[in-house]
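One structure below.
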Amino acid sequence: MDFTFSEDQLLFQDSVRDFLVNEITPERIRSSWDTETGRSQELWAQLAELGLTGLTVPEAFGGLGMSELDFVLLAQECGYVALPEPLVNSVLVAVPLLKTIGGDLAEQWLPQVATGEARVVAGIEQNLLAEDAHVADLVLWYTEGSWYALTQEQMTLQHNESVDPSRRLFSVSVNSDVDAVANGEQAATLLEAALNRGALGAAAQALGLAQRMIDISVQYTSERQQFGKAIGTFQAVKHHMANVAVRLEYAKAPVHRAAYSIAHGEAVAAHAVSQAKLVACEAANLAAKNCIQVHGAMGYTWEVDLHIFMKKAWAMANTWGDAAYHKERVAEHIFADGAALGADGTLG
């Protein structure tokens with residue numbers, strides 16, 4: 001069996017990477033911190049022109065009709081540039097929710113999402129706060145056993161500070177006159193699906209963030225000199241970077257496997273996603289630790305770009321389920337009666 005990505009998927013990743021690296025620079029990210037919303041309508045329109053906002057929207061609604069497996073490589077590239085815009089949330093979580101809820105809600109919003117006219121984000125009370133709710137035309141919000149589809153007029157937002165200045169977080173209060181769009185068993189099913197996709201998005205972005213921190217640090221250690229030599233030639237520094245690179249490489253396969261599981265509706269999707277998020281975020285956290293170590297005291301300053309990616313990596317580790325939550329899900333799978341373990345269970 002061939003588990004590699006197709007040539008078309010890899011070419012699409014390359015084109016998206018080229019665009020994002022050129023457009024989403026650390027300087028542009030820093031400048032967004034001082035704006036009222038922290039977001040750019042112009043950039044969102046550019047993402048729509050590339051077809052990214054409609055990637056998972058069905059073709060019947062004007063989208064590309066692609067899957068989570070098609071998007072996971074692009075989510076990595078979003079992490080690589082620490083993209084502030086809610087593209088991953090919209091494409092990977094909100095759009096599938098809208099498709100599943102269906103009806104008039106999907107017919108009204110999916111075409112607008114595909115063209116970039118509307119921004120839709122999703123959030124759950126387990127995350128405590130909703131990211132980018134202030135710029136969303138529609139917020140799909142889960143609370144107290146029900147899902148709500150909220151416009152700005154149907155909710156009250158309270159801003160909360162984040163360790164990452166690029167993140168805009170809000171507590172959400174649903175107006176009393178708003179009816180839920182899903183309750184009971186349907187709402188619970190939607191919740192698990194949203195949590196799995198959100199965790200997959202966080203894991204994929206963590207891979208990109210780890211790679212960016214490695215690249216920043218390798219460049220720094222090739223330029224910074226001590227005793228007349230670049231510090232990157234010192235064995236201790238090499239070991240720090242090699243340890244991160246190995247951890248990152250081994251994290252990629254579980255993330256891609258999780259994307260495959262979700263895209264194909266496999267029963268193992270929940271524990272596959274939890275494994276992926278654990279290993280990807282561990283790699284990103286190790287990257288943050290070791291990369292700041294090789295930078296020395298400079299690594300703690302805001303002038304160095306490293307902190308932009310470190311802080312987002314820390315945020316990814318604690319959203320859509322923290323390490324304790326995902327370890328528990330993996331343990332439940334491993335210790336369940338009749339658990340399918342080993343190569344037969346993984347590849348069968």
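The values are calculated or read from the model by the stated rules, or taken from the named source; none is laboratory data. Quick caveat, the model's predicted, so the values are computed rather than measured. With ideal geometry, Cβ positions are generated from the backbone for all residues, glycine too; neighbour counts draw on all protein chains shown. Quick note on the areas: whole protein, heavy atoms, side chains included, nothing else; ligands and nucleic acids left out. Shrake-Rupley method; radii C 1.70, N 1.55, O 1.52, S 1.80 Å.
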May I ask you to rank Ile24, Ile216 by accessible area, largest first, using a 1.4 Å probe over the protein chains only? Ile216, Ile24
Gained length - His239 relative to Glu192, 0.36 nm times residue gap less alpha-carbon distance: 13.0 nm
Using the Cα centre of the range 1-45 as the reference point, and only Cβ charges (+1 on K/R, -1 on D/E), how large is the resulting charge dipole? Debye, rounded to the nearest 20. 240
Check: the range 78-174 dipole with +1 on Lys, Arg Cβ and -1 on Asp, Glu Cβ, in debye: 160
Using a 1.4 Å probe on heavy atoms of the protein chains only, the accessible area for Met155 in Å², nearest 10, reads 10
Quote to one decimal, in nm, the extra length available between Tyr325 and Arg30 on full extension: 0.36 nm per residue of separation minus the C-alpha distance between them. 102.9 nm
Using the Karplus curve 6.51 cos²θ - 1.76 cosθ + 1.60 with θ = phi - 60°, what ³J(HN,Hα) values do you get for each residue of the range 150-164, in whole Hz, with x for Gly and Pro? 10, 8, 4, 6, 9, 8, 10, 10, 10, 5, 10, 6, 10, 5, 9
I'd like the Karplus ³J(HN,Hα) series for the range 4-20: coefficients 6.51, -1.76, 1.60, θ = phi - 60°, whole numbers in Hz, and an x wherever there's a Gly or Pro. 6, 6, 6, 4, 5, 5, 6, 5, 4, 4, 4, 5, 5, 4, 4, 5, 5
Stretch Thr301-Gln126 to full length: gain in nm at 0.36 nm per residue minus the Cα-Cα span? 59.8 nm
Could you give the dipole magnitude of the chain about its Cα centre, charging the beta-carbon of Lys and Arg +1 and that of Asp and Glu -1, in debye to the nearest 20? 1480
Pairwise centroid distance, computed over Cα atoms, of the range 274-334 with the range 3-26, Å: 23
In what order, largest first, do Phe71, Phe12 sit by accessible area if the probe radius is 1.4 Å? Phe12, Phe71
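Considering only protein heavy atoms, with the full assembly of protein chains and a 1.4 angstrom probe, order His295, His333 by accessible area, largest first.
Highest to lowest solvent-accessible surface, that is His333, His295.
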Could you tally up the Lys pairs in the chain with alpha carbons closer than 16 Å? Skip any pair fewer than 8 positions apart unless they're on separate chains. 7
Show the residues, 5+ positions off or on another chain, whose built amide H is closer than 5 Å to the amide H of Leu140. Val121, Ala122, Gly123, Leu150
